[in-house]
Structure formats: structure tokens, C-alpha cells
Amino acid sequence: MRLGFAGLGIMGQRMAANLLRSGHSVTVYNRTADRPEVRALLDAGARVAQTPAELAAGAEIVGICVTDGAAVAALLHGPHGILGALRAGQLVADHSTIAPAQARALAEAAAAAGGEFLDAPVTGGDRGAAAGTLTIMVGGSKDGFARLAPYLRCVGKTIVHVGPSGQGQLVKLVNNFIGGIALAGAAEGLWLGLRGGVPLERMMEVLSAGSAQSVSLQLLADRMRSGDAAPGFSLRNRLKDMDLAMRTAQELAAALPVGGAVAELFRERLALGEGDLDQSVLVRRYLAQGENQGAG
């Protein structure tokens, strides 16, 4: 296939590399072209487009993986945007995490231009992106999903059509909302044990085999052991997704009191300048509390 891919951040660069390894012709676009990630993909055989419109003009399918809804809108609606270059039947797969309402609006705009926009957000982190084992939840038509599936299988392992436009984003927000709460619970729980003098390794030996075990708990423990705060998934992005979930809950008249409280914990760390660090820095809130109180 002739593929285009826009957005070469932590996730996007790895997804684009997997598309290349699958044998497809790949053209990439990144707002900042002079980056090591772009050069690495060039060396692997990719071509570089100068504008989003140029990216779309030569592709059967265009993938997008950028930071937020504003970045997605800029790619599609900008002066040289993707929508202006769409052809009949062309597919756009958005792997970013944006509001379900925005995904539905973009699907309508793409349909008016003759193409089809499917929301196809991903989960699995940078490790899943590198291994090509991402979980992908897709909103859009059944026909669009069927035509997109061969492309999705190059970057993901668990691929589910969850419903019409916007439903992929809704399921992604549910996933990240639960993940944020789980991370906060793991941080508080581990701090409770540490505060009582239990070594981290002894706790994890038990928790890893019990009902508390979760991806969030394991990742947090790994980060605590290594002290590595380089982002796999940044605190800023976690808070962005929590806030999107809370706004969607308001639209649906769904009360989410626990999620609101957890979002404020992330916001507290963001105010301390930790937004671009890995989300696991949330645990510093509790460790710093112990240092201030003289606890180990």
C-alpha cells in the first residue's frame, strides 16, 4: 500500500517504522522536519512530505498520531491540510486521543470531501508501538473498518471495531480514565506500605500475585526502581485525557467524582513543572511527603 503518516513523536515514529518494516511505501510528515526521528525513517526508506496536503495526495491511507485535538484539526483544516487533498474513498485513521464530539465532526468533514475519517486511538505505550502489538479501538463505518484493517494489522495486535464515529475515542477515554485512577491508587497504596516500613520488593512480591496487580502498578514499581522519568506516557498527556473524559461525562450527564479528584492530583504535579515527565512522577507527591515528615 501507499501510506502516509503524520506525527512522529514517541508513538508515531515507532508506528511509522512498523509500516515500513511491513513492506509498504510510506511517506511521513512532521511539523518539525529536522528531527532525528525523521532522519531515521528516511534512512529506513521513507519519504518526507512538506505539507499535510502533499502527504495525503500520494497515499491510499493516511495515519495521524499527534498530541491533541488542536493538532489534529491543524493537520486536516490548515492552509495546506489533508481535507483539501482527499480523494473519493480515501481513508484517514486518527490514532491521537481527542474528544468524541470532535472525531464525529471530523468524520463529517471528511465525508463531505469524499473520504472517510475513522477514529482509531491506540493503547499499549511506547513498548507496544515498537513491537507492533498496540490495542486499537476503531470508530467508523463497517466498510471503512474492513478496508483499514490490513493497515492496522501492521501496527496493532488487538483491533476492535467498537461502533460508529466517535466511539473509538470514547472507549479510549474510558481506558485512560481507568488507567489514571489505577495509577493514583497504586501510588497511594505503595506509599502506605513504604510509610509503614515495608520494602518495595517485598510488597511487589505479594501484590504482583494478588488482586492489586495491574499494568499501572507494575509500571509504577518499575519506574520507582529505576528512577527513570523519561516519558513513555507523559503526565501532561494523562491529565489531558482525564480532562477530556470529565468533559465528555458532563455532556453525557454522568457524575465521575473519583476521576475528578484524581485529575486534581495530576494537575498539582503539572503546576510543579513535571508535565513533560512520565506520568509515574505522581508518586513523588507521596515520597516528598515522607521526606518532609522524616520518613524513609
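Are any of the residues in region 82-92 small (Gly, Ala, Ser), at positive phi, out of contact with any Phe, Trp or Tyr (no Cβ under 8 Å at 6 or more places or on another chain) and at pLDDT below 95? Looking through region 82-92, at least one residue is small (Gly, Ala, Ser), at positive phi, out of contact with any Phe, Trp or Tyr (no Cβ under 8 Å at 6 or more places or on another chain) and at pLDDT below 95. Taking the criterion of being within 17 Å of residue 19 (Cα to Cα) and either not assigned by TED's automatic domain parsing to the domain that holds residue 62 or not β-branched (Val, Ile, Thr) (or both), the residues of region 126-149 that qualify are 126, 127, 128, 129, 130, 131, 132, 134, 147, 148, 149. Determine if region 241-259 includes at least one residue that is crowded, with 20+ Cβ neighbours inside 10 Å and either farther than 26 Å from residue 65 by Cα or among the aromatic types (Phe, Trp, Tyr) (or both). No, the conditions are met nowhere in region 241-259. Exactly one residue out of 97, 67, 32, 27 is in a loop (DSSP other than H, G, I, E, B), in the same structural domain as residue 148 (by TED's automatic domain parsing) and free of Cβ contacts under 8 Å to residues at least 40 places away in the same chain: that is 32.
Output the residues belonging to region 157-174 that are of a type outside the set (S, T, N, Q) and part of a helix (DSSP H, G or I).
Of all residues in region 157-174, those of a type outside the set (S, T, N, Q) come to 157, 159-164, 166, 168, 170-174.
Once the filter is applied, which keeps residues that are of a type outside the set (S, T, N, Q) and part of a helix (DSSP H, G or I), region 157-174 yields 168, 170, 171, 172, 173, 174.
The values are calculated or read from the model by the stated rules, or taken from the named source; none is laboratory data. Being a predicted model, the structure only gives us computed values, none of them experimental. Cβ sites come from the backbone with ideal geometry, for glycine too, and all protein chains shown count toward neighbours.
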